[in-house]
1. Could you check ALA205 against (1) small (Gly, Ala, Ser); (2) closer than 25 Å to ASP79 by Cα; (3) in a helix (DSSP H, G or I) and say which number it fails?
2. Looking at (1) of a type in the set (Phe, Trp, Tyr); (2) in a strand (DSSP E or B); (3) within 14 Å of ARG185 (Cα to Cα), find the lone condition where PHE242 falls short.
3. Limited to segment 120-135, what total is found for residues that are farther than 15 Å from THR254 by Cβ and surrounded by 15 or more Cβ atoms within 10 Å (Cβ to Cβ)?
4. Of all residues in segment 169-223 being farther than 25 Å from ARG15 by Cβ and among the β-branched types (Val, Ile, Thr), which is farthest from the chain's Cα centre (by Cα)?
5. Which residue is modelled with the highest pLDDT, if the candidates are limited to segment 1-31 and must be of a type in the set (Ser, Thr, Tyr) and either within 14 Å of ALA216 (Cβ to Cβ) or part of a helix (DSSP H, G or I) (or both)?
6. Has segment 278-293 got at least one residue that is in contact with a strand residue (DSSP E or B) (Cβ under 8 Å, 6 or more places away or on another chain) and at pLDDT below 85?
7. Do the conditions hold for LEU230, that is, is it surrounded by 16 or more Cβ atoms within 10 Å (Cβ to Cβ), part of a strand (DSSP E or B) and at pLDDT 95 or above?
8. Within segment 66-82, can you find the residues that are in contact (Cβ under 8 Å) with a residue 12 or more places away in the chain and either surrounded by 20 or more Cβ atoms within 10 Å (Cβ to Cβ) or of a type outside the set (D, E, K, R) (or both)?
Amino acid sequence: MGQSAEFGKFLKAMRSRLSPEDAGAGPASGARRVPGLRREEVARLAGVSTDYYVRLEQGRNIHPSRTVLDAVSRALRLDTGEHAHMLDLLENCAGSARSSVSAAQGVRPALRQLLEAVGDVPAMVLGRRSDVLAGNRMAFLLFTDFPALPAAERNLTRWLILDPGARELFRDWKTVAAEAAGALRVDVGRHPNDAQANQLVGELAVHSEHFRQWWAGHRVATRSAGSVRLHHPAVGDLELNFENLVLPDDPDQTLRVYSAKAGSPSADALALLGSLGAAGPAAEPRTRDAATAAVENRE
């Protein structure tokens, strides 16, 4: 399937979620066989002909101007992330449909030092497809010991959606997992021919009904910050904030840091988790050595 088809499917999915009233197209008239706006309604709101919009949605080989794309985006009420994803899909329409294996991503030594320096709070470096490229001891204590997993399973989205432990850990699991699926869709839109990404999507679709529904809805997620509510088996409930910092030298790598409000019960729980993890004499060296080995395997 080419990206032209994906571009059209995205427009159709965005159209189907809007009612005429929500989109400002006026009250609905007549019976509707499918939910959402009709193509002619989107075309009218965007100021283009119905025939032209139909060709856009069918993925025809046409080259809409930025003005037209902006108008369609406004008609479909796309947010900033969805608008950027639409442009990614269109930009990749002309790309080769051939599958390719992306080069292994490495983590700079200085970035590894930073992970260790913020060792009191969980921190990870995420790469393409949300692969876990590196992390500190607290991250692996809070979530799971990613370096101990087989190389193909060191992926945050895969773990979130398929691992029963993740469902028990995240108190709002559906919300968190759906956002992870939306972030994966952004990555696929930017790199449509990445063989590893397509393999991951296939695996998740086979094993998760939730993922199949989220993927079919073409949801896009690009949050740079937020919060999560957890119930950790060792220390109980936590509410943590997170920040996603895109690394300027490699826009396909993100530093994610979790923190708790100073003096809060969640901060106390994080401190307790750190002390419990340090209680095992081999815990910290084993995790650090495994993380190093994981990156060396990728490089």
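The values are calculated or read from the model by the stated rules, or taken from the named source; none is laboratory data. This one's a predicted model, so the numbers in the text were calculated from it and none came from an experiment. Note: ideal-geometry Cβ built from the backbone for every residue, glycine included; neighbour counts use all protein chains shown.
1. Single failed check for ALA205: (2).
2. (3)
3. Step one: list which residues in segment 120-135 are farther than 15 Å from THR254 by Cβ, which gives 120-121.
Applying the additional criterion that residues be surrounded by 15 or more Cβ atoms within 10 Å (Cβ to Cβ) yields 121.
The number of residues fulfilling the criteria is 1.
4. Per the criteria, the residue is VAL206.
5. If we filter segment 1-31 for residues that are of a type in the set (Ser, Thr, Tyr), which is where we start, we get 4, 16, 19, 29.
Then keep just the ones that are either within 14 Å of ALA216 (Cβ to Cβ) or part of a helix (DSSP H, G or I) (or both); that gives 4, 16.
Numbers: SER4: 72, SER16: 91.
Once the filter is applied, the top-ranked residue is SER16.
6. Going residue by residue through segment 278-293, those that are in contact with a strand residue (DSSP E or B) (Cβ under 8 Å, 6 or more places away or on another chain) are 291.
Checking the rest, the ones that are also at pLDDT below 85 come to 291.
Checked segment 278-293: at least one residue is in contact with a strand residue (DSSP E or B) (Cβ under 8 Å, 6 or more places away or on another chain) and at pLDDT below 85.
7. On the way: surrounded by 16 or more Cβ atoms within 10 Å (Cβ to Cβ): yes; part of a strand (DSSP E or B): yes; at pLDDT 95 or above: yes.
So LEU230 passes the test.
8. Hits for segment 66-82 are VAL68, LEU69, ALA71, VAL72, SER73, ALA75, LEU76, LEU78, THR80, GLY81, GLU82.
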